[in-house]
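First the structure, in the form of structure tokens, and then the observations on it.
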Amino acid sequence: MSIMKEVKGVLHFEGVALPAVAEKFATPCYVYSRAAITANWQAFSEQLKAPHKICFAVKANSNLAVLQVLAELGAGFDVVSGGEIARVLRAGGKAEDIVFSGVAKSDAEIRYALNENIGQFNVESDAELERISEIASAMKVSARISLRVNPDVDAKTHPYIATGLEDNKFGIPMQDALATYQRAAELPGIEIVGADCHIGSQLTELAPFLAALERMLALVDSLAEHGITLKHIDMGGGLGVTYTDEQPPQVAEYIQAMLKRLQDYPHLALYLEPGRAIVANAGVLLTRVEYLKFNGHKHFIMVDAGMNDLLRPALYQAHHDIVNVASNSSAAAITGDVVGPVCETGDFLGQNRTLRVQPGDLLAVKSAGAYGFTMSSNYNTRPKPAEVMINGEHMHLVRARETLEDVWRGETLIP
């Protein structure tokens, strides 16, 4: 859903002018739209009714207010750490709706998850399965598990966000899955409930999803032949969004294609774990132009947000559209790189962009609601930015800007 609109030459989120957000909360600043998050969630929920389940991938955006909005909409949650479990519970999510993924769950995290009675673990290795069994047995509880199986499907995405190939660290190799399920069926403290896979992120074609589903259903058939019946199949997340000119499948097309294939498996519920598709285009990063520089060869638009605030361009060479919040700017057009203050050549938000800008102008880095703040850092002793939620004509500070005291809290000088 697009919730950014221009009113008298100034960009608005819902009913709020973006310059008003920057004036009140300064820059850099992340801004989210409650209406967009809600609409994006409903695009999934309208297609996938109970007993099917949608679990928001918390790693995409873990702000408590974002999780609160989704919890109130009835979301489940896909988490990858004990900290994310705690965030979901703090935001009002239900433990029974939590799916715990991740390749290196610690003893403490497993105990915490069992104490809270989460919905299930997505188990990523034989060793993890054995450990969960030992801990659950010692606690005299039963751990509900799915095995995350690696289907060796090429997701045709950036290699850093591909997760379903045999070279990736995630999941149990498909050829080993039957034996691991048989071992799980013998272990104490283990209840098998499903099968899980996730092949990658920012996928813009249906074919990889359907190829993975075929391989997972072949596993389901094999398990049934060996007396192991599953309750659901979890196909992960990964549906792409439009950053520039990508044309990913519509949510309805994506879901209905999988449900059609599952018609022969009426006992299987379908679980999905969208993250980016819910929040990416529901957020922007606001940043102020500090300086314009020309070195005789190239123009640089120097802004107050850096790679520590938005890592995706430096890490993935990801493209985010960048626009002047005041589209009626009288400044001359400049083609150059939009760069930040971090002391790294890789510190850029955009390259070879043409913008009408002058020092002091406010820019909006679009589609920044996913993997923006959650991947931010304090590199160069830069406090993390504020986060603001827009709700109609109201703006709510949902995370205060860090102070320097916040940055070095926990550090001490030696005597």
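Taken together, the values in this text are just the output of simple stated rules run on the coordinates, not laboratory data. Treat the numbers as computed from the prediction; the structure is a model and nothing was measured. Neighbour counts run over all protein chains shown; Cβ positions are idealised from the backbone, glycine included.
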SER330 versus THR345, label points 7 Å from Cα toward the beta carbon: distance in nm? 4.0
Indicate the gyration tensor shape class of segment 339-415 (rounded, prolate or oblate), computed on the Cα atoms with a ≥ b ≥ c the square roots of the eigenvalues: a/c under 1.5 is rounded; otherwise a/b larger than b/c is prolate and the rest oblate. oblate
Rg/Rg_globular for the chain, with Rg_globular taken as 2.2 N^0.38 Å and Rg from C-alpha atoms: 1.04
Taking only Cα atoms and a 10 Å spring cutoff, compute GNM fluctuations for the chain and point out the largest among PHE77, PHE294, PHE13. PHE294
Pairs to check: LYS49/LYS260; LYS59/LYS366; LYS49/LYS105; LYS5/LYS366; LYS24/LYS59; LYS53/LYS366. Give those whose C-alpha atoms are more than 21 Å from each other in this structure. LYS49/LYS105; LYS24/LYS59; LYS53/LYS366
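Rounded if a/c is under 1.5, else prolate if a/b beats b/c, else oblate: with a ≥ b ≥ c from the C-alpha gyration tensor eigenvalues square-rooted, which is segment 265-415?
Taking the square roots of the gyration eigenvalues as a ≥ b ≥ c, segment 265-415 is oblate.
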Expressed as an acute angle from 0 to 90° and rounded to the nearest 10, what is the orientation of the C-alpha long axis of helix 251-261 relative to the principal long axis of the chain? 10
Round to the nearest 10 and give me the degree value, 0 to 90, for the angle of helix 126-139's Cα axis relative to the longest principal axis of the chain. 80
Can you compute the FRET efficiency between GLU23 and HIS297 using 1/(1 + (r/R0)^6), with r the Cβ-Cβ distance and R0 = 35 Å? Round to the nearest 0.05. 0.45
For segment 170-229, what is the Kirkwood estimate of the hydrodynamic radius, computed as the reciprocal of the mean inverse distance between distinct Cα atoms, to one decimal in Å? 12.8
Long-range amide H contacts for ASP304: which residues qualify at under 5 Å (H placed 1.01 Å from N, peptide plane, sequence gap of 5 or more or a different chain)? ARG288, GLU290
Using 0.36 nm times the number of residues separating ASN380 and GLN256, minus their current alpha carbon distance, what extension gain do you get? 39.9 nm
Crossing angle, helix 174-186 versus the chain [Cα axis fit, 0-90 degrees, rounded to tens]: 60
How big is the charge dipole of segment 41-132 about its Cα centre, in debye rounded to the nearest 20, if each Lys and Arg gets +1 on its Cβ and each Asp and Glu gets -1 on its Cβ? 260
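Could you work out the relative contact order of the chain, using alpha carbon pairs under 8 angstrom and six or more residues apart, expressed as a whole percent?
19
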